[in-house]
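Quick notes on the structure that follows.
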Amino acid sequence: MGNRRRVAERRKTRPAVIGGMIAAVVGGAGLGVYALYGGTAAEAETASANEQRTKSVKSGPLSATEVTTAARTFLTAWQRGQVGEAAAATTDATAATALLTGYTKDAHVEDVTLTAKTPQGAEVPFAVKGTVTFEETSKPLSYASSLTVVRRESDGVPLVEWHSAVVHPELQDGDRLVTGEAGTPPVTALDAEGGELTEKEYPSLGTVLDGLREKYGKTAGGTAGVELRVVRGKESKAKDASDKTVLELSEGTPGTVETTLSPTMQAAAEEQVAKKARSSVVVMRPSTGEILAVANADPGFNTAFQGSLAPGSTMKVVTASMLIEKNLASADKDHPCPKYFTYGNWKFQNLDEFEIKDGTFKDSFARSCNTAFISQAPKLKDDDLTQQAQQVFGLGLDNWAIGVPTLDGSVPVQSDAQMGASLIGQGGVRMNPLNMASVSATVKEGVFHQPYLVDPSVDGRTLATASRTMSAATAGELRELMAYTAASGTAAAAMSGVTGDIGAKTGSAEVDGQEKPNGWFTAYRGDLAAAGVVQEGGHGGSTAGPMVAALLKLGG
């Protein structure tokens with residue numbers, strides 16, 4: 001597009017006729033706006049005068065008039081192109097000035113019309129319409145956004161609380177909107193059978209497709225088009241967020257990227273997460289590491305790959321492998337499971353304060369006895385669990401290269417009570433369904449195979465490996481523990497009807513501020529391994545469990 005003839009005369013940005021309530025702001029001194037919210041123009045003027053006269057710091061809830069006036073001031077100035085006035089009506093004039101200036105200069109949005117809707121308390125939804133023009137190409141732009149009015153701490157003046165999302169809901173703070181020749185050509189992502197993967201058919205894959213384009217767009221053979229895009233800032237990049245297309249003005253020629261996703265498994269995973277709010281799931285193949293499905297109930301963030309959540313008792317799979325290797329536990333040997341165990345001045349207990357008398361480690365694992373694991377803490381070094389997770393399961397080294405951004409788990413070295421809590425997947429331990437599916441896959445296969453979404457032969461990247469492999473005896477005991485849990489333990493109800501070579505582990509992770517814990521489940525069947533989480537779902541066996549089991553039934 002860079003060599004196209006530039007238009008002789010560029011359209012100049014001009015104030016548009018504003019629809020709805022804002023129309024009266026420009027043409028009728030605010031009468032229509034205030035009347036829509038309730039009240040008269042005289043009352044609005046009186047309220048404004050009173051605000052100017054008062055010298056005391058205002059406090060307390062915002063009135064409808066204050067919300068309306070603050071929103072009106074900001075939206076009217078933005079629409080008129082009065083960036084300084086609009087920015088001054090926010091809590092961060094510097095950031096607002098930069099983004100609103102870029103809205104015209106970098107995003108090339110012209111003829112902006114802003115139409116406010118009925119406020120919901122301090123929040124004011126509004127519609128945005130405009131035209132994006134780049135060289136000889138123009139296209140209409142429309143979307144919905146919202147703003148929230150707050151009091152400035154210093155004097156109580158109502159202002160628009162500034163976040164980049166006010167300008168466009170896809171923006172995170174520090175991001176920009178830019179129109180031009182896309183730096184990265186589009187890609188067509190294919191499933192393992194050669195079919196095209198689209199966000200329309202698979203809603204969970206939006207962030208995955210963005211990641212594939214960012215990683216492979218420049219090498220997949222495509223050519224760039226002209227787009228309005230979200231360009232991520234430092235904060236977003238730190239969270240591994242990918243750039244995102246908002247509006248395509250002219251099509252580029254896409255390149256092709258082949259993935260390992262199974263269309264059958266992906267469709268089934270989408271169905272499962274659609275049934276449970278805040279759920280995520282991953283399915284992979286233990287023998288190779290191929291990822292067969294990834295799905296999230298909330299498509300805006302890829303919790304399945306990038307989530308950072310305490311895994312609860314599913315972490316006991318890793319802890320059990322460590323205890324077995326250190327001869328601190330064995331499947332069929334006696335093992336303590338008291339009601340309580342105090343370590344590091346914390347008193348730990350089991351769910352409903354149960355205890356197992358004269359039980360084996362297999363009994364404790366199957367019933368998810370917390371104290372059976374924490375009772376061994378005095379015999380462990382602070383870094384034992386960290387070493388086990390990194391060296392055997394490949395976790396926590398931040399070196400997985402699956403083809404799109406991931407969080408590779410975190411098992412920090414901790415001491416005292418926090419170390420004890422880590423043994424049962426609390427404390428500082430953080431995982432996501434991809435990590436926990438990999439844990440089950442490692443147990444099933446006996447060796448860690450880094451999960452991957454794009455075959456490494458595509459770009460020659462090196463997959464992560466574990467520095468050591470657990471012994472065949474340890475792997476055998478772990479499979480015995482997980483098989484018993486699937487057949488007779490906390491995972492039995494969910495795994496009912498799942499046949500063949502199976503194993504499973506449930507988990508419930510307590511989170512501050514949540515009424516219910518996050519429910520976790522990880523399992524394998526034959527050459528399939530899967531894990532899922534339902535945030536604030538409750539017990540993993542009854543929330544994430546049925547979701548994972550349904551996917552395992554599709555193959556093996």
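The values are calculated or read from the model by the stated rules, or taken from the named source; none is laboratory data. Keep in mind that what you see is a predicted model, and the values were worked out from it rather than measured. Here the Cβ positions follow ideal geometry from the backbone for every residue, glycine too, while neighbour counts run over all protein chains shown.
What's the total number of residues in region 469-482 that are among the hydrophobic types (A, V, I, L, M, F, W, C) and surrounded by fewer than 20 Cβ atoms within 10 Å (Cβ to Cβ)? Full working, then the answer.
Keep residues of region 469-482 that are among the hydrophobic types (A, V, I, L, M, F, W, C), which gives 470, 472-473, 475, 478, 481-482.
After this cut, where a residue has to be surrounded by fewer than 20 Cβ atoms within 10 Å (Cβ to Cβ) as well, the list is 472-473.
Number of matching residues: 2.
Considering only residues that are farther than 21 Å from G81 by Cβ and at pLDDT 95 or above, look in region 121-146 and name the one that is surrounded by the most Cβ atoms within 10 Å (Cβ to Cβ).
A122
For region 279-317, what are the residues that are of a type in the set (F, W, Y) and assigned to a helix (DSSP H, G or I)? Let's see the steps before the verdict.
Taking region 279-317 first, the residues of a type in the set (F, W, Y) are 301, 305.
Once the filter is applied, which keeps residues that are of a type in the set (F, W, Y) and assigned to a helix (DSSP H, G or I), region 279-317 yields only F305.
Please determine, by comparing only the residues of region 381-395 that are in a loop (DSSP other than H, G, I, E, B) and surrounded by fewer than 20 Cβ atoms within 10 Å (Cβ to Cβ), which one is farthest from the chain's Cα centre (by Cα).
The extreme case among them is K381.
How many residues are crowded, with 21+ Cβ neighbours inside 10 Å and either modelled with pLDDT of 95 or more or touching a strand residue (DSSP E or B) at 6+ places or on another chain (Cβ under 7 Å) (or both) if we restrict to region 178-190?
The total comes to 5.
With the requirement that a residue be among the β-branched types (V, I, T) and either within 11 Å of L554 (Cβ to Cβ) or crowded, with 23+ Cβ neighbours inside 10 Å (or both), what does region 259-278 give you? If you could, list the steps in order and put the result at the bottom.
First pass over region 259-278, keeping only residues among the β-branched types (V, I, T): 259-260, 264, 273.
Correct list: T259, T264, V273.
Go through region 448-468 and report how many residues are outside any helix (DSSP H, G or I) and surrounded by fewer than 18 Cβ atoms within 10 Å (Cβ to Cβ). Spell out the reasoning first.
Residues of region 448-468 that are outside any helix (DSSP H, G or I), as a first pass: 448-455, 459-468.
Now narrow it down to the ones that are surrounded by fewer than 18 Cβ atoms within 10 Å (Cβ to Cβ): 455, 459-463, 465, 467-468.
Count: 9.
Look at region 53-79 and say how many of its residues are buried (at least 18 other Cβ atoms within 10 Å of the Cβ) and part of a helix (DSSP H, G or I).
Taking region 53-79 as the starting set, the residues that turn out to be buried (at least 18 other Cβ atoms within 10 Å of the Cβ) are 62, 65-79.
Now drop any that are not part of a helix (DSSP H, G or I), which leaves 65-79.
Adding up the residues that qualify gives 15.
Does at least one position in region 340-363 carry a residue that is touching a strand residue (DSSP E or B) at 6+ places or on another chain (Cβ under 6 Å), surrounded by 24 or more Cβ atoms within 10 Å (Cβ to Cβ) and not basic (K, R)?
no
For region 115-129, give me the residue count where each residue is under 30 Å from the mean Cα position of the chain (by Cα) and assigned to a strand (DSSP E or B).
Of the residues in region 115-129, 9 are under 30 Å from the mean Cα position of the chain (by Cα) and assigned to a strand (DSSP E or B).
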